[in-house]
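**Student:** One structure follows; several queries about it will come next.
None of the figures in this text is laboratory data; all of them are computed from the coordinates on show. This is a predicted model, so every value here is computed, not measured. In this analysis, Cβ positions are derived from the backbone assuming ideal geometry, glycine residues included, and neighbour counts consider all displayed protein chains.
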Amino acid sequence: MAGTMLSIVMLGAILLIIGAVLLFRRGQRRQAGLMVVAALVALANVAIWTIPDSSGNAPVEMGE
């Protein structure tokens, strides 16, 4: 289940970046910047959950 949620978050981040590029081309720079920030936050959350710690255990594995 956790893998599915992380995949959905990754897809959402990719869509946010694509939308930001489209908005940036239309001249709406503030909204595009906010979408990029939201995508970076989502990607950081996925990284936090999937990167293992010093003992080699990832938080996503502990929850299952």
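**Student:** I need every pair where a residue in region 6-34 that is in contact (Cβ under 8 Å) with a residue 40 or more places away in the chain has its Cβ under 9 Å from the Cβ of a residue that is surrounded by 12 or more Cβ atoms within 10 Å (Cβ to Cβ), sequence separation at least 6 or different chains.
**Tutor:** LEU6/ASN45; LEU6/VAL46; LEU6/TRP49; LEU6/THR50; LEU6/VAL60
**Student:** Tell me which residues, restricted to region 18-29, are surrounded by 15 or more Cβ atoms within 10 Å (Cβ to Cβ) and within 18 Å of the chain's Cα centre (by Cα).
**Tutor:** Hits for region 18-29 are GLY19, ALA20.
**Student:** Residues of region 1-17 being surrounded by 12 or more Cβ atoms within 10 Å (Cβ to Cβ) and out of contact with any Leu (no Cβ under 7 Å at 6 or more places or on another chain), which ones?
**Tutor:** We begin by selecting, within region 1-17, every residue surrounded by 12 or more Cβ atoms within 10 Å (Cβ to Cβ); these are 2, 5-6, 9-10, 12-17.
Hits for region 1-17 are ALA2, MET5, LEU6, VAL9, MET10, GLY12, ILE14, LEU15, LEU16, ILE17.
**Student:** Please determine whether any residue of region 34-43 is within 8 Å of the chain's Cα centre (by Cα) and loosely packed, with under 14 Cβ neighbours inside 10 Å.
**Tutor:** Filtering region 34-43 down to residues within 8 Å of the chain's Cα centre (by Cα) leaves 38-43.
Then keep just the ones that are loosely packed, with under 14 Cβ neighbours inside 10 Å; that gives 40-41.
Scanning region 34-43, I find at least one residue that is within 8 Å of the chain's Cα centre (by Cα) and loosely packed, with under 14 Cβ neighbours inside 10 Å, so the answer is yes.
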